[in-house]
Amino acid sequence: MSMGFWRRAAGWIAAAALLTGASVAQTEAAASATAAKAEPAIWSIEKPNGGTITLFGSVHLLPDGDSWRTAALTAAYKASDVIVLETDLDAMQDSGLQAYLAKNALNPPGVTLTTLLTPEQKEAVTKGAAVAGVSFSSMDGFKPWFAALQISVAYAVSQGFSPDQGVDKTIEAEGKADGKAFDYFEKAREQLDLFIELEEKQQIDFLVLGAQEILEKPDALKKLVDAWARGDVTAIDDLMNEGMEDSPEVAKALLEDRNARWVKKIQDFYMKDKNSYLIIVGAGHLAGDKGVPTMLRGAGIEVAGP
């Protein structure tokens, strides 16, 4: 699999970490990804009725530090009337939502990963999980989509990346402290249901291909963060979409369809008032031909940026 696995998993890394009890240990490998002053890409729109819309890509897992806080981002933050995120990150910790997550993370009685996977698939998942520090037996009762998240959380943490250091989580905390208004593209449960409602085969692909990626491309997450820190949108697109032919249905559900819905909301609402918006979503949603900036340009909106 490819960087696409990390993009698809990242949105619910924080929730999965809460259930798996993952802890964070800084490592040299992760620190090097953002050690130098980063210059992530940024896009801006001058609205016809006044105000601006700024789009900034988040990496949901980062090592400690805020080297990504560029002058352009700081200016957009100060000018913003509303901060827009993918979802309300605090809502992920709601007890009701956590209970819903736990319920839907488990296989029904008599079903296990062992019964769902072929021997070859089980071997790949077992090896990938071991690299991440997770035993297959501890995941056997989970549905494939959640086992995939559990492995990704554990592996990212082992590399020194923390869901507590993501751009969106940092900006959300600061915005709430500063009294900023917030809007969200999706409800937390809607994001969770993106995984829960995947067909069983797609869940298995998600799990197996993700484990294979850990084995075959152990530095994939660091490469993504390095590309993002450089503002290299082409590299982000290449890394994110490399190998997407392995799971086009998953890519459509978790990336393309969501981007289209977000673009419509920007067109129908954010472009028509006088507020200034700072939109922060996963960096993969902003790169490439199917990214939000390109789709906005295709709709006739002038977007400054790469």
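Among the residues of region 250-277, those identified as of a type in the set (A, V, I, L, M) and surrounded by 17 or more Cβ atoms within 10 Å (Cβ to Cβ) are VAL250, ALA251, ALA253, LEU254, LEU255, VAL263, ILE266, MET271. Considering every residue within region 147-154, establish whether at least one is free of Cβ contacts under 8 Å to residues at least 40 places away in the same chain, within 24 Å of HIS285 (Cβ to Cβ) and within 20 Å of the chain's Cα centre (by Cα). Within region 147-154 (the criterion being free of Cβ contacts under 8 Å to residues at least 40 places away in the same chain, within 24 Å of HIS285 (Cβ to Cβ) and within 20 Å of the chain's Cα centre (by Cα)), the answer is no, since none of the residues qualifies. For the residues LYS143, LYS122, LYS78, the requirement of being surrounded by fewer than 22 Cβ atoms within 10 Å (Cβ to Cβ) and farther than 25 Å from MET271 by Cα singles out LYS122. The residues of region 167-192 that are in a loop (DSSP other than H, G, I, E, B) and either in contact (Cβ under 8 Å) with a residue 40 or more places away in the chain or surrounded by 16 or more Cβ atoms within 10 Å (Cβ to Cβ) (or both), listed by number, are LYS180, PHE185, GLU186, LYS187.
Residues of region 84-119 that are of a type in the set (Gly, Ala, Ser) and surrounded by 15 or more Cβ atoms within 10 Å (Cβ to Cβ): ALA91, ALA105.
Filtering region 77-101 to residues that are within 25 Å of PHE161 (Cβ to Cβ), at pLDDT 85 or above and in a helix (DSSP H, G or I) leaves TYR77, LEU97, LEU101. Taken over region 102-133, the criterion of being free of Cβ contacts under 8 Å to residues at least 24 places away in the same chain and either touching a Ser or Thr at 6+ places or on another chain (Cβ under 6 Å) or in a loop (DSSP other than H, G, I, E, B) (or both) is satisfied by PRO108, PRO109, GLY110, VAL111, THR118.
Of all residues in region 290-303, those satisfying the criterion of being under 17 Å from LEU254 (Cβ atoms) and either surrounded by fewer than 24 Cβ atoms within 10 Å (Cβ to Cβ) or of a type in the set (Val, Ile, Thr) (or both) are LYS290, VAL292, MET295. Do you know which of the residues in region 80-133 that are of a type in the set (Asp, Glu) and within 30 Å of ILE45 (Cα to Cα) is farthest from the chain's Cα centre (by Cα)? In this case the residue turns out to be ASP81. The condition of being touching a strand residue (DSSP E or B) at 6+ places or on another chain (Cβ under 8 Å) and either in contact (Cβ under 8 Å) with a residue 60 or more places away in the chain or crowded, with 18+ Cβ neighbours inside 10 Å (or both) holds for only one of ILE280, ILE214, ILE196, ILE204, that being ILE280.
The values are calculated or read from the model by the stated rules, or taken from the named source; none is laboratory data. As the structure is a prediction and not an experimental result, all values here were calculated from the model. Neighbour counts are summed over all protein chains in view; Cβ atoms, including those assigned to glycine, are modelled from backbone coordinates with ideal geometry.
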